[in-house]
Amino acid sequence: MTQATETSWSAQAHEASLARQRAWVEVNTGAISANARSLKRCIGNGTELMAVVKADGYGHGSISVARAALAGGASQCGVATLSEGIELRRAGIEAPILVLGNLTQVEELRSCLHWQLMPTISGMREALLCQNLASGQGRPMALQLKLDTGMARLGADWQEGPRLVAAITELEAVQLAGLYSHLASADASADADDGLTDQQQRLFETVLQALEHQRLPAGIRHLANSAGTLRSPALHYDLVRVGLALYGHSPAAHLASVTPLQGAMTLHARVSLIREAGSGVGVSYGHRFRTSRPSRLAVVGIGYADGVPRQLSNQLEVLFAGQRLPQVGAITMDQLVLDATDCPGLEVGSVVTLLGQEGSEQITPTDWSDRCQTIPWEILCGFKHRLPRLTAAQAAWEAPGDRAH
Ligand SMILES: *Cc1c(COP(=O)(O)O)cnc(C)c1O
């Protein structure tokens, strides 16, 4: 690249950074810390809190979320992939990190050793690879063994548990730091899950009792995700692995009042155009909405490429100045349209809230997921990198006037 083009590129970048954002996610790290404290109170001193920060911290930004959760009392982090773990280490996070996904390649396990990330193993093959990598290193490589008790995803069959623990304990370059399993339907109410959670816990207990009998240490024992954590103290064991609740959302309505949680994400977008339309005007692709009166339509710069599900077309609402405005017509890749006929205060440059709280009104990821037959987890991690993640202070600069409501 020539000097001249480089200059013009950086000038452009500078210009772009001075312009106001069209849409952004505001992350309240104070809420993350408060949720971690609340969860810590709920689990008590004998149980550790693992902050699950996979998928870029459920869309909130993994590094800031991990720091906030650790400040609030979490003592470990959970990630899904090797690169997610490395990202936290590069940011200077020193807490134990467990990789929840399955790493099968020697190179991946070598990276775990290098970055001090604990891999999850589901069998002897990976344990032996770790033994080979770590032998002669002077300190053992920590890993955790996962057992399947009724999810049929990762993990060795639970019946294999005692034999595997015994074999891993024999490997002098490997340290079995933990033994865990994962619940398949802890968010269902106790009578709606056909006893599955109880059954999974019984199988996990069976393994733990066998190990105790044989005096085999298994490191920390854990079973609960957010739903398991909120469902029953009997599922807490030595550690709980919490994702959704850390971000302020309950995995099910009947678990919402167990411990106070505060949504950490607010989604904002800016009005880019106001259009006066007559009655009978078709709006957006396919004219899935037609005005029934002379209308004031507002075009907002956010769409499904940012993570607003297209299935919410004609079902979404946004908040502005404490008022709910309906979204109309098909949600498009980069834009959507509001019916602002009853909201004369909405102008070009106004900032609307798609998710979050404004005064007494609130729109949650669960409101969205209920309307488009998915789950709040998918809504949160659906927000794309095109949406900048801003702190509360940065967001205040984006919408100085609107902060008042
Ligand atoms: C993602 C994940 C969690 C966290 O689940 P939430 O329901 O978001 O709390 C816990 N454990 C494992 C193994 C996971 O993959």
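Assorted remarks:
- When A66, A55 are screened for being surrounded by fewer than 22 Cβ atoms within 10 Å (Cβ to Cβ), part of a helix (DSSP H, G or I) and in the same structural domain as L179 (by the TED database), only A55 passes.
- Pair list, Cβ under 7 Å, 6 or more apart: the stretch 290-309 residue under 26 Å from E378 (Cβ atoms) and outside the structural domain of V351 (by the TED database), other residue part of a loop (DSSP other than H, G, I, E, B) and of a type in the set (G, A, S): none
- Selected residue [under 25 Å from the mean Cα position of the chain (by Cα), modelled with pLDDT of 95 or more and within 16 Å of the ligand (Cβ to nearest atom)] from Y237, Y304: Y237
- Output for the stretch 116-148, where each listed residue is surrounded by fewer than 19 Cβ atoms within 10 Å (Cβ to Cβ) and either under 23 Å from the mean Cα position of the chain (by Cα) or in a loop (DSSP other than H, G, I, E, B) (or both): Q116, G123, S135, G136, Q137, G138, R139, P140
- Note on the stretch 130-160: residues that are within 18 Å of L100 (Cα to Cα) and among the small types (G, A, S) total 5.
- Residue pairs meeting the criteria (Cβ under 9 Å; at least 6 apart or on separate chains; first aromatic (F, W, Y), in the stretch 189-210; second part of a loop (DSSP other than H, G, I, E, B)): F204/T149; F204/S181; F204/L223; F204/Y237
- Any chance T366 is out of contact with any strand residue (DSSP E or B) (no Cβ under 7 Å at 6 or more places or on another chain), assigned to a loop (DSSP other than H, G, I, E, B) and modelled with pLDDT of 95 or more: no
Residue-by-condition table, conditions (1) under 26 Å from A95 (Cβ atoms); (2) within 16 Å of the ligand (Cβ to nearest atom):
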{"position": "G155", "(1), (2)": "yes, yes"}
{"position": "Q159", "(1), (2)": "no, no"}
{"position": "P162", "(1), (2)": "no, no"}
{"position": "V165", "(1), (2)": "yes, no"}
{"position": "S181", "(1), (2)": "yes, yes"}
{"position": "A184", "(1), (2)": "no, yes"}
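- Close pairs from the stretch 148-165: first under 18 Å from N225 (Cα atoms), partner β-branched (V, I, T) and within 15 Å of the ligand (Cβ to nearest atom), Cβ under 7 Å, at least 6 apart: L154/T120
- The single residue among V318, V337 that is within 24 Å of N28 (Cβ to Cβ) and part of a strand (DSSP E or B) turns out to be V318.
- Within the stretch 314-342, considering residues that are of a type in the set (A, V, I, L, M, F, W, C) and over 23 Å from R20 (Cα atoms), the one nearest to the chain's Cα centre (by Cα): L316
- One residue alone among L179, L183, L154 is assigned to a strand (DSSP E or B), assigned by the TED database to the domain that holds H213 and under 18 Å from G78 (Cα atoms), and that residue is L179.
The values are calculated or read from the model by the stated rules, or taken from the named source; none is laboratory data. It should be emphasised that the depicted structure is a prediction, and the values quoted were computed from it without experimental measurement. Here the Cβ is made from the backbone with ideal geometry for all residues, glycine too, and neighbour counts use every protein chain on show.
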